[in-house]
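Data block below; observations after.
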Amino acid sequence: MRTLSRHIAFGIKWQKSDSDQTPYAKRKHHFKDCHMAWIPGWDSIESAGWWSGFYFWLSIVSLIGLGAFEVASHRYGERRDELAEKQHIAEKLAHDTEIARLNLETARVQERASTAELDLAKLKLTAARVLTPAQQEELRLALASFGPIDAAVGVPIREQANPEIKPFAEQIALLLQSAGWGNGVLYSVQQETPVGVVVIPSLAENQRASDSIDLLLKALGTIEIAASKGRPTGQTGWGIEPSVRILIGRKL
């Protein structure tokens with residue numbers, strides 16, 4: 001008791017001696033010493049000091065490494081975004097280029113189609129109208145059933161050199177002659193060029209002439225020849241005064 005009071009009086013920390021410790025405390029202390037004994041330098045003052053400094057500087061290096069790795073991670077993230085942006089721009093450029101190419105191809109196809117349609121239209125305008133044998137026979141029979149009548153076929157003077165109008169007019173004139181309609185002569189007349197075939201009655205039109213015009217218009221329509229009835233006119237190069245005048249114009 002005096003020893004304990006002396007330690008307290010001089011401010012010295014008192015510890016229990018091994019004989020004063022309980023069995024549990026002894027076992028705990030022994031386990032602690034055994035548990036840490038495998039660590040290098042644990043039981044040496046010099047080694048413990050060296051390892052303390054080693055782990056201190058290792059922590060400093062680790063902090064520096066952490067900062068460096070964080071910077072590297074951030075920079076790689078930015079680089080990934082840059083590459084993704086470049087890839088997006090490249091894909092968009094490729095897409096726009098492909099769309100432009102397809103639009104150009106479409107425009108070229110449309111241009112070729114328009115050119116083909118224009119060429120076809122020109123061909124239709126310049127290609128000669130020719131009655132097929134079946135059309136000729138159908139028209140001849142229809143006109144022959146009506147009986148002979150005084151008819152004349154004419155072409156405007158300005159179209160005498162037209163390679164499409166004149167041959168067709170000559171074919172019509174000969175066909176009408178074979179059915180008893182006219183003499184097969186092709187007249188050059190002082191009239192404007194109409195569209196299609198115009199059937200013109202004479203000024204002295206009678207019922208028979210009127211009926212023949214109706215029959216002719218119907219027969220031409222049956223064989224798909226565009227024809228219409230014109231107004232009566234006087235002599236304008238038709239020779240004799242025919243009952244029915246057929247003026248051949250340009251194609252539709």
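All but one of (1) outside any loop (DSSP other than H, G, I, E, B); (2) under 18 Å from residue 252 (Cα atoms) hold for residue 130; state the number of the condition that does not hold.
So the condition that residue 130 fails would be (1).
As an exercise: evaluate residue 168 against (1) assigned to a helix (DSSP H, G or I); (2) open to solvent by 10 Å² or more (accessible area, probe 1.4 Å) and give the number of the one condition it does not meet.
(2)
When you go through (1) in a loop (DSSP other than H, G, I, E, B); (2) open to solvent by 30 Å² or more (accessible area, probe 1.4 Å); (3) at pLDDT 85 or above one by one for residue 162, which number turns out not to apply?
(3)
Between a residue in the range 186-214 that is in a helix (DSSP H, G or I) and any residue that is among the charged types (D, E, K, R) and surrounded by fewer than 16 Cβ atoms within 10 Å (Cβ to Cβ), which pairs come within a Cβ distance under 8 Å, given they are 6 or more apart or on different chains?
Note: pairs meeting the criteria are 213/229.
Does residue 121 count as open to solvent by less than 60 Å² (accessible area, probe 1.4 Å) and closer than 30 Å to residue 202 by Cβ?
No; evaluated as a whole, the condition is false for this residue.
Does residue 210 qualify as being among the hydroxyl-bearing types (Ser, Thr, Tyr) and over 54 Å from the mean Cα position of the chain (by Cα)?
Criteria met by residue 210.
For the range 86-140, give me each residue that is under 30 Å from residue 223 (Cβ atoms) and of a type in the set (Lys, Arg).
Correct list: 122, 124, 129, 140.
Kindly indicate whether any position in the range 215-223 is free of Cβ contacts under 8 Å to residues at least 60 places away in the same chain and of a type in the set (A, V, I, L, M, F, W, C).
yes
Considering only the range 93-101, I want to know if a residue exists there that is within 30 Å of residue 170 (Cβ to Cβ), in a helix (DSSP H, G or I) and under 25 Å from the mean Cα position of the chain (by Cα).
Scanning the range 93-101 turns up no residue that is within 30 Å of residue 170 (Cβ to Cβ), in a helix (DSSP H, G or I) and under 25 Å from the mean Cα position of the chain (by Cα).
The values are calculated or read from the model by the stated rules, or taken from the named source; none is laboratory data. What you see is a predicted model; the values in this text were computed from it and never measured. With ideal geometry, Cβ positions are generated from the backbone for all residues, glycine too; neighbour counts draw on all protein chains shown. With ligands, DNA and RNA removed, areas are computed over all heavy atoms of the protein, side chains included. Shrake-Rupley method; radii C 1.70, N 1.55, O 1.52, S 1.80 Å.
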